[in-house]
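J.: My questions will all concern the structure given below.
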Amino acid sequence: MRDKVRKLSSPSERRSTGGRMQVPLRPEIDTGTGATSDERARAMIEIDRVSKRFETSGRKSHLALADINLTVNDGAFVSILGPSGCGKSTLLYIVGGFVAPSEGVARMKGAAITGPGPDRGPVFQEFALFPWKTVLGNVMYGLRQQGVKRTEAEAQSLRLIEMVGLKGFEHFYPKELSGGMKQRVAIARTLAYRPSVLLMDEPFGALDAHTRTRLQNDLLNIWERDRKTVLFVTHSVEEAVFLSDKVVVMTRAPGRIKEIVDIDLSRPRVRAELLLDSRYQKYVVDIERMIDDGRDDAEHP
Amino acid sequence: MSTQRLATVLMGALPILFVLAIWQALCSFGFAPPSLLPPPGKVFLRLAQQLGSLGFLDDILATMIRLFAGFLIAVVLGVGIGLAAAVVPAINAVVRPLVQVLAPLPKVALYPALIILFGFDHASKITLVTLDALFPILLSTYYGASMVEQKLVWSALAAGTPRWQILFKVIAPAALPSILTGCRIGLVISCIVVFLAEMISSTDGLGHLLVGAARTFQTVDMFVPLITISLLGLMLNGLLYGLRKYLLRGFPEV
């Protein structure tokens with residue numbers, strides 16, 4: 001198992017992929033020992049030899065994640081990209097502390113993650129808003145849990161609701177909102193308790209193409225303000241390249257890291273410019289090819 | 001909005017009026033002898049008269065006390081045990097087999113024993129109502145609480161909710177639609193069972209009135225308690241519907 005990871009990250013492999021592409025790809029698979037002290041200091045999340053095995057019916061168990069090593073630096077926007085069922089959401093849940101790894105350890109600012117906490121804020125594809133609370137009630141929830149006084153929590157929440165473009169909808173219930181609006185509320189609810197890391201699990205996966213584009217732009221604008229660390233799971237290559245500093249490409253089950261691609265495009269990014277940028281197009285095409293290669297492997301082992 | 005509401009109420013009343021019309025027709029065209037099936041007009045007139053008599057009101061009161069007490073105890077126990085079983089596996093391990101054994105049991109069969117234990121007064125009837133209304137409330141609470149979307153819980157945990165508060169802050173409110181559905185079923189069962197208990201053995205209450213009238217072959221007086229309990233059920237159901245509508249105003253399927 002580990003041999004394959006080593007092989008993928010070996011210098012010859014790097015050269016061969018690098019030679020095929022004009023944009024240099026620098027897979028940085030951090031084994032935990034090779035990181036410099038500078039990288040250590042800036043590391044927000046360290047995933048250290050994490051595997052996840054699910055017990056299924058019968059004696060067979062399903063290996064969802066195999067030997068994942070990944071370091072996410074403070075302030076980085078990192079996307080995890082892969083075919084469905086490759087365990088990319090599971091990896092995010094492990095960082096969130098919702099799921100425990102079978103082997104290995106995930107660390108947040110150097111401390112092992114043992115459970116959920118307000119330093120890591122999730123945003124789910126299904127929105128997961130509290131249906132019994134209004135927009136304001138949902139956004140206020142985290143602040144109230146942190147012990148912020150009602151009036152102060154309300155004032156902060158109203159500002160956030162305005163920031164995500166939902167001014168005037170404070171007293172609506174989630175059921176009265178469209179999918180895109182619901183996800184804006186969910187993002188505001190998570191931003192409200194000021195997590196150090198945003199964990200986004202295919203947040204725009206359930207939205208139509210137009211809404212999706214708008215939310216991507218708005219997310220980038222919000223992110224530009226304070227540059228929180230973001231771990232973003234998606235299966236859309238364009239979305240990953242458009243948003244991220246780094247794209248982690250995973251193989252199909254059991255999920256392993258196939259490549260880590262640095263997206264060397266300037267910020268702030270403007271969609272209209274980026275779509276015409278040949279470097280952006282090259283990233284998209286190359287990463288798509290990488291995922292297709294994985295498919296061939298699975299079909300002809 | 002209000003005209004729409006009025007329209008729904010009228011639409012709801014139509015089938016009831018239709019049944020009353022059939023009842024009237026059965027009497028008018030001589031299909032049923034008036035000594036066995038009195039016409040609805042006569043029954044409602046008698047009901048109106050009775051509502052003025054203190055004795056009749058006492059009987060209604062007795063039935064309502066038993067109905068409410070039994071139902072409310074069933075709600076408290078059913079919701080409490082249902083939530084506890086859904087959250088704590090050890091409690092579930094104890095409750096599950098007991099529910100499987102006790103739920104299909106005809107609770108009326110326990111009534112003689114309850115009378116011996118608690119006497120002829122309120123206590124035995126309240127206990128019977130509770131026993132019968134308990135299981136639908138318990139079961140729907142349990143399934144509702146077991147099927148709460150995992151990501152709601154995760155969202156609350158990530159926002160800093162302590163684990164022990166998840167039950168009250170997420171699971172109970174998220175299970176509210178199921179809990180209220182169980183209560184609705186429990187309420188109907190309560191109406192049936194309180195009447196039944198009073199018919200079997202009682203010194204007052206609507207069920208007792210019916211049995212008394214039947215024994216003396218006063219058919220009009222026999223129908224009055226029946227109409228009363230169904231009107232009572234209609235009113236209580238309306239109240240619960242209003243409560244449900246208010247509590248579940250944010251939920252999509254209501």
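J.: Look at B:Phe56 and say whether it is open to solvent by 60 Å² or more (accessible area, probe 1.4 Å), assigned to a helix (DSSP H, G or I) and among the aromatic types (Phe, Trp, Tyr).
T.: It is false that B:Phe56 is open to solvent by 60 Å² or more (accessible area, probe 1.4 Å), assigned to a helix (DSSP H, G or I) and among the aromatic types (Phe, Trp, Tyr).
J.: Considering each residue of region B:216-254, count those that are among the hydrophobic types (A, V, I, L, M, F, W, C), open to solvent by 40 Å² or more (accessible area, probe 1.4 Å) and within 17 Å of B:Gly182 (Cβ to Cβ), and give that number.
T.: Number satisfying all stated conditions: 4.
J.: Oh, and also: Can you say whether B:Gly212 is touching an Asp or Glu at 6+ places or on another chain (Cβ under 6 Å), more than 30 Å from A:Tyr141 (Cα to Cα) and more than 13 Å from chain A (Cβ to nearest Cβ), as far as the supplied structure shows?
T.: Here the answer is no, as B:Gly212 does not meet what is asked.
J.: Same structure, new question: Scanning region B:125-168 for residues that are small (Gly, Ala, Ser), surrounded by 18 or more Cβ atoms within 10 Å (Cβ to Cβ) and more than 14 Å from chain A (Cβ to nearest Cβ), which turns out farthest from the chain's Cα centre (by Cα)?
T.: Across region B:125-168, the extreme among qualifying residues is B:Ala145.
J.: Given (1) modelled with pLDDT of 95 or more; (2) facing chain B (nearest Cβ under 9 Å); (3) open to solvent by 30 Å² or more (accessible area, probe 1.4 Å), where does A:Phe130 come up short, assuming only one miss?
T.: Status for A:Phe130: all satisfied but (3).
J.: Further, regarding this structure: Which numbered condition in (1) under 23 Å from the mean Cα position of the chain (by Cα); (2) open to solvent by less than 40 Å² (accessible area, probe 1.4 Å) is the only one that B:Pro104 fails?
T.: Failed condition: (2).
J.: Can you confirm whether region B:83-100 contains a residue that is at pLDDT 95 or above, over 23 Å from B:Arg244 (Cβ atoms) and within 14 Å of chain A (Cβ to nearest Cβ)?
T.: No.
J.: Hey, another quick one. Restricting attention to region B:37-53, which residues are touching a Leu at 6+ places or on another chain (Cβ under 8 Å) and either acidic (Asp, Glu) or open to solvent by 70 Å² or more (accessible area, probe 1.4 Å) (or both)? If you could, list the steps in order and put the result at the bottom.
T.: Restricting attention to region B:37-53, the residues satisfying the condition of being touching a Leu at 6+ places or on another chain (Cβ under 8 Å) are B:37, B:40, B:51.
Answer for region B:37-53, where residues must be touching a Leu at 6+ places or on another chain (Cβ under 8 Å) and either acidic (Asp, Glu) or open to solvent by 70 Å² or more (accessible area, probe 1.4 Å) (or both): just B:Leu51.
J.: Identify, from the list A:Val197, A:Val185, the residue that is more than 15 Å from B:Lys151 (Cβ to Cβ), open to solvent by less than 10 Å² (accessible area, probe 1.4 Å), within 14 Å of another protein chain (Cβ to nearest Cβ) and within 22 Å of the chain's Cα centre (by Cα).
T.: None of the other options fit; the residue is A:Val197.
J.: Look through B:Pro173, B:Pro252 and report the one residue that is in contact with a Phe, Trp or Tyr (Cβ under 6 Å, 6 or more places away or on another chain), under 18 Å from B:Gly144 (Cβ atoms) and within 14 Å of chain A (Cβ to nearest Cβ).
T.: That would be B:Pro173, the only listed residue that is in contact with a Phe, Trp or Tyr (Cβ under 6 Å, 6 or more places away or on another chain), under 18 Å from B:Gly144 (Cβ atoms) and within 14 Å of chain A (Cβ to nearest Cβ).
Okay, residues lined up against (1) of a type in the set (S, T, N, Q); (2) away from chain B (no Cβ under 12 Å); (3) closer than 28 Å to B:Ala175 by Cα:
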{"residue": "A:Gly137", "(1), (2), (3)": "no, no, yes"}
{"residue": "A:Gly142", "(1), (2), (3)": "no, no, yes"}
{"residue": "A:Glu152", "(1), (2), (3)": "no, yes, no"}
{"residue": "A:Ser157", "(1), (2), (3)": "yes, yes, yes"}
{"residue": "A:Leu160", "(1), (2), (3)": "no, yes, no"}
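J.: Restricting the search to region A:108-127, which residues are on the phi > 0 side of the Ramachandran plot and more than 10 Å from every other protein chain (Cβ to nearest Cβ)?
T.: The answer is A:Lys109, A:Gly110.
J.: Just a yes or no: is a residue in region A:173-180 in contact with a Ser or Thr (Cβ under 6 Å, 6 or more places away or on another chain), more than 14 Å from every other protein chain (Cβ to nearest Cβ) and not basic (Lys, Arg)?
T.: Yes, region A:173-180 has at least one match.
The values are calculated or read from the model by the stated rules, or taken from the named source; none is laboratory data. Just so it is clear, the model here is predicted, and its values are computed rather than measured. Every residue, glycine among them, receives a Cβ derived from its backbone with ideal geometry; neighbour counts consider all protein chains shown. Just the protein is used for accessible areas: all its heavy atoms, side chains included, with ligands, DNA and RNA removed. Shrake-Rupley method; radii C 1.70, N 1.55, O 1.52, S 1.80 Å.
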